[in-house]
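No value in this document is a laboratory result; all are computed from the given coordinates. Note that the coordinates shown come from a computational prediction; the quantities given were computed from them, not determined experimentally. Here the Cβ is made from the backbone with ideal geometry for all residues, glycine too, and neighbour counts use every protein chain on show.
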Amino acid sequence: MAKILGVLDDGPALEVVGISEFDERIYREVLACPGITVQELVMRSGESSGRIQTSLSRIRAKGLVSRLWGRSPRWTATNPGTAIRSLVRGLQSDLDRLTDTADQLEAAFRTVGQDPEEGGQFEVLAAPEEQARWYVRLQQEAKEEVLTFDRPPYVLDYHNPLQTGLLRKGVRYRTIYVPEAFDHSGALDELGSLVKAGEEARVLPELPFKMAIVDRWRAVMPLHMDTPLTRGVLIKGSTMVVALVELFERLWQEALPMSPQPAPRGGVPEPAGGGEQEWAELDPEDQRLLTLLSAGLKDDAIARQLGTSPRSLRRRLRHLLDELNAETRFQAGAQASRRGLV
């Protein structure tokens, strides 16, 4: 009964709609005892008559209680669902006005003191489309290099139509991917085309966020990683960009190359007489499988990229592990990396 009449264990629930802990306690007393008098509330709560009268006036103004007139005025609760939903609608209206005000102030912030020659600027990008526009614009203005953390979720589309043309013009692209970036059909074929055009691609099991840095001077990135990416930030010429470049370079050293490297005499070492080793030929499809395996893709994703079934893939993977004299995928990736196969 105490939970019904008093405040819930989690604390006052109605503070979010402007009702204090004390007022909620009085409201719950009225809710539990329809037709209760002020004198009865005094006895039940131990509070003064004046304080209870003031509280009743406040929650009456909120539409939670009504007064029953008579020789001894009594109080009763209105329908809680109707009353509280009405308060929530009013709160939502206030929040909408606050959001509109924030957008207006944000627009004013972007238009005041934004001298492009000044350093250390931060500009909030208020919509996914605006983030996409700046990503395109920064690439168009790139003169030397573009550094990218590539991971889902994506603002609009994972395809970048500008990159091939910019690579041909001599702009260097270095990209660190996560395995989830290759979940969509044709992702590895698209990456292969970019690598042939000149992209340097590596992969890590995870990345802290996504970003693009252009010419080590400007960067664009989302402010959160939840879908949809509603807020982003453009950073120009500040120490933050220097820190992001440093982070990229450190993770680049840890990341695994996505394009196979030539191995000595073209294959996997196998024991030979006299303790020496010679290199066996490695099928190009197995080499591609090693690349996908090293990238950390799951069986279903690898099968999708290779156009085969998960069952056939597992048989092929077992054969490849035997070829590499490895018991686990991790060992296979380590062996392949050590031997220059990926």
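With labels modelled as points extended 7 Å from the Cα through the Cβ direction, what inter-label distance (nm, one decimal) is found for residue 102 paired with residue 223?
0.7
Does the range 125-257 classify as rounded, prolate or oblate by the C-alpha gyration tensor (a ≥ b ≥ c root eigenvalues; a/c under 1.5 gives rounded; else a/b over b/c gives prolate, otherwise oblate)? If you can, show how the numbers build up before the last one.
Details: a/c = 1.25, a/b = 1.13, b/c = 1.10.
It comes out rounded by the Cα gyration axes.
Need the list of lysines near residue 196 for cross-linking: C-alpha distance under 18 angstrom, and skip anything on the same chain fewer than eight residues off.
List returned: 169.
On a full-extension model of 0.36 nm per residue, what is the gain between residue 60 and residue 72, subtracting their alpha-carbon distance, rounded to one decimal in nm?
Result for the pair: 2.5 nm of gain on full extension.
Could you compute the FRET efficiency for residue 189 and residue 51, with r as their C-beta to C-beta distance and R0 at 56 Å, rounded to 0.05?
Values: r = 74 Å, r/R0 = 1.32.
In this case the efficiency is close to 0.15.
Below 22 Å, Cα to Cα, which lysines can residue 236 reach? Residues fewer than 8 away in the same chain don't count.
Those lysines meeting the cut-off are 143, 210.
Would you calculate the separation in nanometres between label points at residue 44 and residue 239, each defined as 7 Å from the Cα along the Cα-to-beta-carbon direction?
6.0
Measure out, as a whole number of angstrom, how far apart the alpha-carbon centroids of the range 202-221 and the range 120-137 sit.
That distance is 14 Å.
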